[in-house]
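All remarks here apply to the structure that follows.
Any read-out appearing in this document is the output of simple, stated calculations on the displayed coordinates, not a laboratory observation. Nothing here was measured: the structure is a model prediction, and the numbers come from that model. Using ideal geometry, Cβ is built from the backbone for each residue, glycine included, and neighbour counts are taken over all protein chains shown.
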Number of protein chains: 2
Amino acid sequence: MKRKITLKHIARELEVSISTVSKALKNSEEISRDTKEKIQAFAKLYNYKPNNIAISLKNKRTKNIGVVIPDIVHYFFTTVIRGIEKFANAKGYNVIVCVSDESFDKEVINMEMLANGSIDGFIMALSAGTQQKKDYNHLKEVTEQGIPLVLFDRVTDEVQCDKVIINDKEGAYSAVKKLIDNGRKRIALITTEDYFSVSRERGEGYRQALRDNGMKIDEDLILELPDMEVDDDAVNAFFDREKIDAVLCVNEIFAVHSMRLIKKRGLKVPEDVSFIGFTDGILSKYANPGLTAIAQHGEQMGEIAAQMLIEKVEGETDEEQFKTQVLKATLMERESTIN
Amino acid sequence: MKRKITLKHIARELEVSISTVSKALKNSEEISRDTKEKIQAFAKLYNYKPNNIAISLKNKRTKNIGVVIPDIVHYFFTTVIRGIEKFANAKGYNVIVCVSDESFDKEVINMEMLANGSIDGFIMALSAGTQQKKDYNHLKEVTEQGIPLVLFDRVTDEVQCDKVIINDKEGAYSAVKKLIDNGRKRIALITTEDYFSVSRERGEGYRQALRDNGMKIDEDLILELPDMEVDDDAVNAFFDREKIDAVLCVNEIFAVHSMRLIKKRGLKVPEDVSFIGFTDGILSKYANPGLTAIAQHGEQMGEIAAQMLIEKVEGETDEEQFKTQVLKATLMERESTIN
DNA sequence: AAGAACTACGAAAACGGTTTCGTGTTAATA
DNA sequence: TATTAACACGAAACCGTTTTCGTAGTTCTT
C-alpha cells in the first residue's frame, strides 16, 4: 500500500527544504531551473498531489458547496442538482448533498454540520417542516457568519439572500388560460396544503386566470391533499362530487395519478377532461397520454444558483446586494390537452 | 457579521492557553472544575463549534464519503443515494456526490479530486465509458492508496473491493419464467449494448430461462439499443419484423416507451403483449397500465454499501477481505402482466 | 524538613500545506 | 577592492485543532 506522498517526503528525499519544494511545484521564479526540474520530475514520478484538507485549512476555502434539499428521490430536485454539479464542477467545486427529508430538525442539523468549515456556501430549498414552522433562524445564522446562501424554488421573504425561482403564478395562470381558451368551463385545482410557497403562488395564478376571464372561482373545485402521496378515495370522492372538464395539478404525481383515476372512470383524456401538471418531469413525458406540463427548468435553476453562489463566494466585496432571479415557467404541450 | 470563534479567541479572552481550552471543552480530568465551567460557559455563549477542516487535518479522517454515479437524474441511483445518506448521516458522515455523466474521463477526474484528502472512502457505480474501455486503473490506484471502495450495481471483477449487487440474472430468469408460465411463446428482450455488466447478466437470465423451459433462443427476438434513449423507429421496425407476445426490458424507460408504441399499434397490454421491466421505479408505478417490474432495491443497496464502507473506514485492521453482497431481485407484479 | 505525589496548567509538536522574510553566495558595479 | 544587487534557498509563522510532555505550585508522606 503506497501511502500518499507529501511535501515533507519530497523535501527529505531531495535534501531541500519544504518551502523550496512548495515553490518549485508552483513554478516560482525564486527557484533555479535545475532545482525546479528535479523537484517536478520527482513529484510527477511519485504522483504527488497536494492535500485538499491542508489547503482548505490554509486558505479558509474548501471548494465545496453544500446543497440541502428536502428529497433526493424527486425528479425536479435531481435536475437542479445536475445543474449545480455542472456549473460547480466546471469551477472546481465539489457538491455535498444533504437531504432534510422535509424535516425542520434534519435541515438544521445538516446545516450546522456543514457550516463548521466544510463548505464555502449553501444552496437550498426549504423543507416542508421549515415552511410550516416559519422558523428561519438557522438560515439567518449562517448568513450572519458570512456564509453565502442561495435559496431556490422553495424560498421565503424572511431571509435576506440570493434566490432563484420560477414564476409559479404566471405558470399556473397561463396553464389555466390555455384550458379556458380550449373551452373548458369547470377547471379544478389539485394542490397541497398552502404553507408551501410554491403551491400558494400557483393557487393565486389559478384564481387570477379565472377572474381575468370572467369565470367565478368555485372553492369546491379546489382539492387540497394533505400528503404528498395521493389518497385515491379523496380524489375519487372529489370527482364524484364535482363535474369537471379540466384539472391543474401542482405536481406531476398528482397529475398522473388523478389522470389515471379519471380514465378508470371511463372518461377520456383529453376529450372529456384535460390535464396539466407542474414540473415537466419524466412522468409527464412518459405518461399515457403525455401530460401537458409547466416546465420548472430545474437544471437551469441549478446552474444559476451555483453561479450566484460562486460569485458571492469568490467576490471580495461583501456587498449586501441580494438578487432574486425569476425564471419563466413555460408550457410543454402534450396529449393531455387539446391544441 | 460575527465570525466563527476559535480556541485561540477563547484562550485569549479568558487568559488561559489554547491547550487548556481544548481540554476543558472535552471535559478533561486535567482541568479544574472552576476553569472548565468558565470555559464551557464562554464557549456556549459564543456558540463555539470546532472547525471540521482542522479536525480532519489532525485526524486524517474527514467524515465525508464520496459517491460517484453515472447520472443523478435517474430514479434508481437516487434511491441508492437516499440509502447511503440515511446510513451515513446516522453515523455522522456527509456525502459528496459526483456525477460521471457516463464518461470515463469525468469519472477519473472526480475520483482524483476527491482522493486527495476530501473523503474517507468511495461508493460508486461504473460509468458506461469505463465499462466500455475496461480501464480500471483509477479504481486500483485509490484502493492501493488504502482508500476503501465499495462498488454497487455496475461492478467489475477486475477490481478487488467490496461490492453490492442484485441478482440480475435470477431476476431476469424469474421474469421470463413468469411470462412462460403465462403461456407466452415469443418473448422479446430489449436491452442495451452488452458492455454493461448488468445487461449482460440480465441477458443471461433471459436465455437461461428459455433454455430451461424447452424454448429455443431466437436471436432475432433480442433488440440491442445503442443509446439509453429509445429510438422509436428502431423499436417499431423490430415490432414490424417480429411477432411478439411478451417483452422483457432491461430498464424502465425502454419498457414504458415500447409499451406505448405497442399500444399505438392497437395492441392491448397485457392481453396481446405482456411487459416486464427492470427497476421498480416511479415510471413503472405510474405507467398505464402499471408495469410489472423487477425491483432493484436501491435504497437497501445504498444502506448496505454505506455500511460496508464505513466498516472498512473505521476498521483498524486492514484485512484484505472483500465481500460481495448479492441482493435478491424481486418481482413487483402490476397490470402489464397477467396473474 | 526533605522528598514524593498530585494538581492544574502551558509549551510545543504535529497534521500538510502557503507565504513572508531573512541570509549566504555569487556576480555586477563603482 | 569595497559595495551592492541579484539569485537561490531556508526558517518560521500561520491556518485550528489535538495531544504529549514538562513543570510550577501545592499537599502528602515519614
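Between A:E314 and B:K216, what's the calculated FRET efficiency when r is the beta-carbon distance and R0 is 41 Å? Round to 0.05.
In this case the efficiency is close to 0.05.
Which residue, B:I166, B:I244, B:I53, has the most motion in a Gaussian network model of chain B that connects Cα atoms within less than 10 Å?
B:I53
Using modelled amide H (1.01 Å from N, peptide plane; none on Pro or chain starts), what sits under 5 Å from the amide H of B:V150, excluding residues fewer than 5 places away?
Sorted by chain and number, the residues that satisfy this are B:F122, B:I123, B:M124.
Take the eigenvalues of the Cα gyration tensor for the protein assembly as shown, scale each by 5, and report the square roots as semi-axes in whole Å, largest first.
48, 35, 21
Angle check, please: helix B:33-45 long axis (alpha carbons) against the longest principal axis of chain B (alpha carbons), in degrees 0 to 90, nearest 10.
50 degrees
Residue by residue through segment A:293-305, what is 3J(HN,Hα) from phi via Karplus (6.51 cos²θ - 1.76 cosθ + 1.60, θ = phi - 60°)? Round to whole Hz and write x for glycine and proline.
For segment A:293-305, the Karplus curve yields 9, 9, 6, 9, 6, x, 4, 4, 4, x, 4, 5, 4 Hz.
Once label points are set 7 Å from the Cα along Cα→Cβ at both A:E204 and B:Y46, what is their separation, rounded to one decimal in nm?
Spacing of the two 7 Å Cα→Cβ label points: 4.4 nm.
Holding the Cα-Cα limit at 31 Å, pick out from A:K169/A:K243; A:K140/B:K86; A:K8/B:K86; B:K4/B:K38; A:K2/B:K8; B:K91/B:K133 the pairs that are longer than that.
Table pairs above 31 Å Cα-Cα are A:K8/B:K86; A:K2/B:K8; B:K91/B:K133.
Output ³J(HN,Hα) for segment A:225-237: one whole-Hz value per residue in order, computed from phi by the Karplus curve 6.51 cos²θ - 1.76 cosθ + 1.60 with θ = phi - 60°, and x for Gly and Pro.
Whole-Hz 3J(HN,Hα) from phi for segment A:225-237: 8, x, 9, 7, 7, 7, 9, 3, 4, 4, 5, 4, 4.
How large is the dipole of segment B:5-161 about the Cα centre if only Lys and Arg carry +1 and Asp and Glu carry -1, each at its Cβ, rounded to the nearest 20 debye?
Rounded to the nearest 20 debye, it is 900 debye.
Around B:I338, which amide H atoms from residues at least 5 apart in sequence, or from another chain, sit under 5 Å from its own amide H, with H modelled in the peptide plane?
For B:I338, no residues qualify.
Put +1 on the Cβ of every Lys and Arg and -1 on every Asp and Glu Cβ in the protein assembly as shown; which of B:I282, A:A287, B:L139 then has its Cα farthest towards the positive end of the dipole?
Looking along the dipole axis, the top candidate is B:L139.
How far is helix A:168-181 tilted off the main Cα axis of chain A, in degrees rounded to 10, range 0 to 90?
Taking Cα atoms only, the helix is inclined about 30 degrees.
With label points built 7 Å along Cα→Cβ from the Cα atoms of B:E158 and B:E144, find their separation and express it in nm.
Computed distance between label sites B:E158 and B:E144 equals 1.4 nm.
Test of understanding: what is the full-extension gain from B:E242 to B:N137, defined as 0.36 nm times their sequence separation minus their Cα-Cα distance? List each step's numbers first, then the result.
On the way: separation 105, 0.36 × 105 = 37.80 nm, distance 4.27 nm.
Working it through step by step, the gained length comes to 33.5 nm.
Give me the angle, in degrees from 0 to 90, between the Cα long axis of helix A:104-115 and the longest principal axis of the Cα atoms of chain A, rounded to the nearest 10.
In chain A, helix A:104-115 runs at an angle near 20 degrees to the longest axis.
Per residue of segment B:273-282, in order, report the coupling 6.51 cos²θ - 1.76 cosθ + 1.60 (Karplus, θ = phi - 60°) as ³J(HN,Hα) in whole Hz, putting x for Gly and Pro.
Listing the rounded values in order: 9, 8, 10, 9, x, 7, 6, 7, x, 5 Hz.
Give the Cα extents of segment A:1-147 along the principal axes, in whole Å, largest first.
65, 31, 31
Taking chain A as a Gaussian network, where each spring joins two C-alpha atoms under 10 Å apart, which residue of A:E29, A:E193, A:E158 fluctuates the most?
Judging by the Gaussian network model, the answer is A:E29.
About the Cα centre, and with charges only on the beta carbon of Lys, Arg (+1) and Asp, Glu (-1), how big is the dipole of the protein assembly as shown? Nearest 20 debye, please.
That gives the protein assembly as shown a dipole magnitude of about 1240 debye.
What is the set of long-range amide H partners of A:A246 at a cut-off below 5 Å, with H atoms built 1.01 Å from backbone N?
A:R186, A:A188, A:S274
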